[in-house]
Amino acid sequence: MGGSHDIDGADSAFVFEGNWKDFARIALPNLLLTIVTLGIYRFWATARERQYLWSRTRFVDEHLEWSGTGKELFLGFLIVLVLFGVPYFGVTFIAQALIARGHEAIGTALGVLAFASIFYLGGVARFRGLRYRLSRTRWRGIRGGSDHNGFVFGLSYMWKNIVGWLPAGLLIPWSMTSLWNERWNKMSFGPFAFETSAEPGGVFARFLLFYLAPFVLFVGGVIMAGMGMLAGYGVGGEDGVAIGGFLGFLGLILFFYLGLGLIAVAFYAKFYREVVGATRWRELHFTFEASTIDWIKLLVIDAVLVVFTFGIGLIFLSYRHWKFFMTHLEAGGEILLDELTQSQTSTAKHGEGLLDAFDMGAI
Amino acid sequence: MESPFKTEAQWYDGTSAVRHSGELTWDGGETFELTSPTARDGFAASDLVFGEARSRTVIYRRESTPDFRLILPADIPPGLAARLPAAHTYGAWVDRLGLGKAAGIFAVVSIAAVALFMTAPDWLGPRIPTSWERNIGDAMVGDFGGRICHTPAGDAALAKLLEKVDPEEEKVRAGVANMEMVNAVALPGGQVLLFDGLVQQAESAEELAGVLAHEVGHVRERHVMTALLRQFGLSILLAGADSGVTNSVFGLASMGYSRDAEREADDYARARMAQSNVSPLGAAGFFERMADEYGDTEDSNALVGWLASHPSSGERAKAYRDAARKGAEYPPVLTEDEFKALKTMCEQDPEVEEFEFF
Ligand SMILES: [Zn+2]
């Protein structure tokens, strides 16, 4: 009973079938156990959460499966601690001792070296975080992975980020898309590699908003402050001007931060549409349809949820974000089930890298 | 034997994505068998392990074939269900104990661990051998980068001062550091530093004797190791936040002692001064001046590290003033020339390094 799947536009290829009440039955005991174990349980909590989220996600006609375990995440954390945390601690200690002895230059250089190695490992961790997630994600018993270990990617991550920032940040869209391509092109699912060819041109216009908007916002803000002063004068003469001006100034600051936040959201919305849209796997192409408004809704409701539950809402954010990604992720094309055989990539026996140890997002 | 236990089943063999739909049969013994129109598979019952529970199905895996997946309906005939591996939810330990009991045990263990961690500096610090502390101190600051002032007359004056306030055979290593701050520190390894800024603003040798005695008190009462352990514990908790070279010598200088430790060091200082017949009025004068200059609140000014972590200056001035014997005549602790030699020590040392980093 092999055959193939044609995925057309009628039904979404990715369907999320979970509900928040079921998730709460996982997340609340997780929270309790995480608190009473001083955070150690969080590795098991993460595994349990992912198991739920993955298993309630259907791709075409079969659910996903998360086969990672809490124990391996915990092991990964310990390995990171011993291999990187302890040497890092040692190097900073030596740097301080050198400075205390009057070798400021060498001491500072060592400190910079420690910082650079963290930068490098951050890149490796991004690669490994994704590799780990793919290797623990199964569909019809088949998993993903990568034959690369991410050490080369760590170097690319360093130099591309530096080059991206250097010309006043103008090349950031290039560094981001280029790193996305480099990372995903080395990943595979079953026997087939992912292929991506995201172009920075598609997101560059949005990125320019970061440069233009501050001026627009500033002028708008000054007008607001001026209006505040006028209104203040109308209400209470000279004192009113001061109070009105102050309120106007406050408005300006708020306006500015909110404005920059909005631009960031608009940019990321476009960025994800571009890079996911440029990602293919065999005969499948992917699209990600979340608009800026969708993102804003997600983030505003996140904030409301957290604030009005005095922080308990935090435990639902992973649920909300997963649902968001799955709702807006689409795939089209054809899968030949007979040729979809098991991945031959090697898998680590532990959670990989800092990302999963600290549970940062991998996408 | 007729197979009494049967259920519908779907499975993936782990080598291809093709799904098999058929039946799972248990022979009542040690073997499971899977049959579908196109495939057949059998394996030992003990090979099956629980994977996960979904809304209407349960997933099993095989120990020997980790990629294999068996999907059974959630409602399985009781006879067969008894032979299937038990589900697990939270993880082995919690499942065995039950959520409530496990949470309780974890909470007790955690509270004990936190209590141990929080109190460790207090009981562990004094038990760490002095020789270890000396090694740690040497590793951390060494000779302070040649920033300690030396002149023959100044060294002699400082040694005389130390003689009065440190009764031990093996004296602490005291020095005047070429730094302009009004400060004094006891560093790990029994090293006490008066900063030149403090020496410059001292109006009498008795003031310096008081401050020196206080810092020696920290060393002799083993406060330094306790504070170091506390700092170390904090930096573990704040790991990452406390990165780079920011936490350098000044991290040590601002390393806080507890209020009790400060009282102990003050008590030690007064006892030594009484023993050596050194007037405590100098120290009292010093604290009164500090109270005038920086205010009398307990941590009024974070920049004045030495004062910040100490009890209120006014209160301390009074304690030192009260320690003076009524009508007693104290001989001067240093001669005019010796005091002057201390004051000009940094100025006249041609080889001392500037502290230029901050
Ligand atoms: Zn003190």
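The values are calculated or read from the model by the stated rules, or taken from the named source; none is laboratory data. Not measured: the values here are computed from a predicted model. Every residue, glycine as well, gets a Cβ built from its backbone with ideal geometry; the counts of neighbours run over all protein chains shown. The accessibility values were calculated without ligands, DNA or RNA, using every heavy atom of the protein model including side chains. Shrake-Rupley method; radii C 1.70, N 1.55, O 1.52, S 1.80 Å.
Here are the numbers for this structure:
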| quantity | calculated |
| --- | --- |
| The range A:278-294 and the range B:163-198: distance between their alpha carbon centers, rounded to Å | 67 |
| ³J(HN,Hα), Karplus 6.51/-1.76/1.60, whole Hz, each residue of the range A:37-47, x for Gly, Pro | 9, 6, x, 5, 5, 4, 5, 6, 4, 4, 4 |
| Relative contact order of chain A, defined on C-alpha pairs under 8 angstrom at six or more residues apart (%) | 25 |
| 3J(HN,Hα) from dihedral phi, the range B:335-342, Karplus parametrisation 6.51/-1.76/1.60, rounded to Hz, x for glycine, proline | 6, 3, 5, 5, 4, 5, 4, 5 |
| Cα-based helix-to-principal-axis angle, A:20-36 vs chain A, degrees rounded to 10 | 80 |
| Accessible carbon and sulfur surface of the protein assembly as shown relative to its total accessible area, %, 1.4 Å | 64 |
| 31 Å Cα-Cα threshold exceeded, pairs from B:171/B:340; A:21/A:71; A:71/A:297; A:297/B:101; A:71/B:101 | A:71/A:297; A:297/B:101 |
| Exposure of residue A:229 as accessible area (Å², to 10), given a probe of 1.4 Å and all protein chains | 80 |
| The range A:13-118 - convex hull of the alpha-carbon atoms, volume per residue in Å³ | 136 |
| ³J(HN,Hα), Karplus 6.51/-1.76/1.60, whole Hz, each residue of the range A:316-328, x for Gly, Pro | 8, 5, 4, 4, 5, 6, 4, 4, 4, 5, 6, 5, 9 |
| Accessible surface, 1.4 Å probe, highest first, among residues B:132, A:139 | B:132, A:139 |
| Proportion of all alpha-carbon pairs of chain A beyond 36 Å (%) | 35 |
| Accessible surface buried once B binds A (1.4 Å probe; total of both sides; Å²) | 3700 |
| Residue A:256 - accessible surface, heavy atoms, 1.4 Å probe, Å² rounded to 10 | 70 |
| Solvent-accessible surface ranking, highest first, for A:53, A:260 at 1.4 angstrom | A:260, A:53 |
| Computed over chain B: relative contact order in percent, which uses C-alpha pairs under 8 Å that are six or more apart | 15 |
| The protein assembly as shown, helix-only ellipticity at 222 nm - DSSP H runs n ≥ 4, -39,500 (n - 2.57), divided by all residues, nearest 500 | -18000 deg cm²/dmol |
| Protein-protein interface of the range B:16-58, residues with accessible area decrease of at least 50 Å², isolated chain reference, 1.4 Å probe | B:17, B:18, B:19, B:52, B:54 |
| Probe 1.4 Å - accessible area at residue A:124, Å² to nearest ten | 10 |
| Per residue value of the accessible surface for the range B:5-87 (all protein chains in place, 1.4 Å probe), Å² | 46 |
| Residue order for A:146, A:346, B:36 - accessible surface, 1.4 angstrom probe, largest first | A:346, B:36, A:146 |
| Spacing of the two label points (7 Å from each Cα toward its C-beta) at residue B:97 and residue B:259, in nm | 3.7 |
| Estimated distance in nm for a label pair at residue B:328 and residue A:231, the labels positioned 7 Å out from Cα along Cα-to-Cβ | 7.2 |
| The protein assembly as shown: Rg to Rh, with Rh as the Kirkwood radius over Cα pairs | 1.10 |
